[in-house]
Amino acid sequence: MIVNVALIAALVAVALLGYFLSRRQETMAGEAREAQQLTQAAQQVKYRAADFNGWQTAYALDIVRALPGATDDSSPSRAAFLDAAAKFENELATLDALAAPPEIKRTVDAIEGAFDEFMAVDQEAVQLYRAGGAANTRAASDLVVNREVEIYVQIADGCEVAADLSAATADADFARLEAVGVVTRRYIVVLCLFAVVLAVVGVTLAEARQRAVAERADHAQRLASLGQLAGGIAHDFNNVLSIILNYTDFVTERVPEDAREDLARIRTAAERAAGLTAQLLIFIRQDAVHPEVLDINAAIAEAHAILARTIGENIDLVMDPSPVPLKICVDAGQVQQILVNLAVNARDAMPGGGTLVIAAAAVDIQGKRKDLRPAIKPGRYVELRVSDTGTGMSPETVSRIFEPFFTTKAKGHGTGLGLATVYGIIAATGGSINVSSKLGSGTTFRIYFPVAEEFFDQGSVVPPGLESPRGRGESILIVEDEPVLAASIARILATGGYQVRSVSCGSEAIDAHARDGCDLLVTDVVMPEMSGPSLAAVLHRADPRLPVLYISGYSVGFERLLEPGAHLLPKPFSADQLLAAVSGTLAEVHAKAGKAPGP
């Protein structure tokens, strides 16, 4: 009787403990999410403060130089300053509206007070400047270069403190969430003294859940860190590859015929390295998605070039493209991500070898099909089929394969994110996916993309065998902080019929443009001190019609720095690609202006 009472008491205690700890974990997880949002908002305020300061500096310089109309709301510098101030104020209001500890609230209040004082001082400077007179102009200049700078330092310091405090709050919340696991284990050990069997079960379940949460959080953190690291390495590596490819072409033009075969091997190796870098970046894409109309057959051919080197010699890779072009509208990198994920899973399902088939065809879907996830409307679709002769899956496994973190692989050999990512990409394009599998008989994935009717824009592509477009003496200003790469770009463009000047930073470019101007600006996107878009914004104040061609080794995330419709040439690039991009940019600008190209 006593044992039964003890067991019942232990069961009730375990149930109550599990309930309260689960509620506590949910509460703490919610607090952690709120702390994460607070950290993101504080970082955004910090970023807006820097942007606000940059435009205040440009606006202040106009006042110091006593430019007519410098304080008019319609002047370019003041308009940009007021816009940046409004954005900063909006982000600050967003941060202030979030739940936050008292010290962060006090810091935000101090930032708001400093910002209000800053705008009041600025209004005083505007009134003095508009009043006219040398004394008033000097007084206005003194306010914007002294008092406003002092107040901005307070704003910037406050933003830094708010960001640090928010990050510390998030870290503390996550630490407390992890500490719940320790408490859980201690209570369960105590309960084991009264009911060993019940306690062991409780420990097993609780620890399994905690390990899963910790592993997911750790894996997500490592993926984010890997993405940042890979993006930075890819930028520098693409610069190096551009140098190798271009200088290999330079040397090829001068060496005897018997040495060109070795140089061709060097170029092939560099191109392969560029391809591997591009594939690495596919897996760290987040918001850098650019849908485009492409031929599914071209995507299959590109996947074949990648998978033939990685899928394994014991697997027969069969490509069955459509006999006619089939156009879909999707990000090209995401198509490769889908194919690589499915191919890797197929390889793992065929440890002893087998056949992997990737095929494409046009199909008509009629009525509502229950085997498609998600459901799609009837109509014409492009079917991308990936089939293997592997071990197959049970119906229970098929029903769960698109769940995040679900995996049938051994611990340490699968994240459970691959097929979840595939499903998310397909759903975002308006498509659907069907899975058919049977244990011992292989698996087939059928992916359906809506048909795109648009045609390719081939305006910037140089057909094989044709000479690259040449310049007509146009003046080009190159801004690239990698000296050797800048020299190769200048050499290609000079040989291509352009007048070239090269500088290494934004300030030098501003001076060079002020002296001689140019017909086209070719600039790296990310550079020390001043980014390419910031440089273009400064030069457009003096020359609004100046065309800009951006070059960048970053393939992820940095497109949002550019204005809509901007011309971007990814690194590494060949001489033909560079000349085609320059010619296309100039041609587009001349077409809009209604004149023929040329100096």
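The values are calculated or read from the model by the stated rules, or taken from the named source; none is laboratory data. It should be emphasised that the depicted structure is a prediction, and the values quoted were computed from it without experimental measurement. Glycine also receives a Cβ, built like all others from the backbone with ideal geometry; neighbour counts cover every protein chain displayed. For accessibility, only protein heavy atoms count, side chains too; no ligands or nucleic acids. Shrake-Rupley method; radii C 1.70, N 1.55, O 1.52, S 1.80 Å.
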Fraction of accessible area attributable to carbon and sulfur, region 22-129 (%, probe 1.4 Å): 51 percent
Residues with amide H under 5 Å from that of Thr355, placed H, sequence gap 5 or more: Asp316, Thr389
Stokes-Einstein diffusion coefficient of region 97-198, Kirkwood radius over Cα pairs, 20 °C, 1.002 mPa s, in µm²/s: 120 µm²/s
Around Asp83: net Lys/Arg minus Asp/Glu count, Cβ-Cβ under 12 Å: 0
Prolate/oblate/rounded call for region 304-423, Cα gyration tensor, a/c under 1.5 rounded: oblate
Of Lys327/Lys409; Lys46/Lys592; Lys87/Lys377; Lys327/Lys592, those spanning more than 31 Å from alpha-carbon to alpha-carbon: Lys327/Lys409; Lys46/Lys592; Lys87/Lys377
Å² per residue, accessible surface of region 315-370 at 1.4 Å: 44 Å²
Local electrostatic count at Ile433 - Lys and Arg +1, Asp and Glu -1, tallied over other residues with Cβ under 15 Å: +3
Net charge of neighbours whose Cβ lies under 12 Å from the Cβ of Thr389, counting Lys and Arg as +1 and Asp and Glu as -1: 0
HN-Hα J in Hz across region 249-256 - Karplus 6.51, -1.76, 1.60, θ = phi - 60°, x for Gly and Pro: 5, 4, 5, 4, 5, 10, 8, x
Loop-located trypsin sites (Lys or Arg not before Pro) in region 51-121 whose Cβ has at most 12 other Cβ within 10 Å (DSSP): Arg65
Which of Val145, Gly133, Ala120, positive extreme of dipole for region 102-167 (C-beta unit charges): Gly133
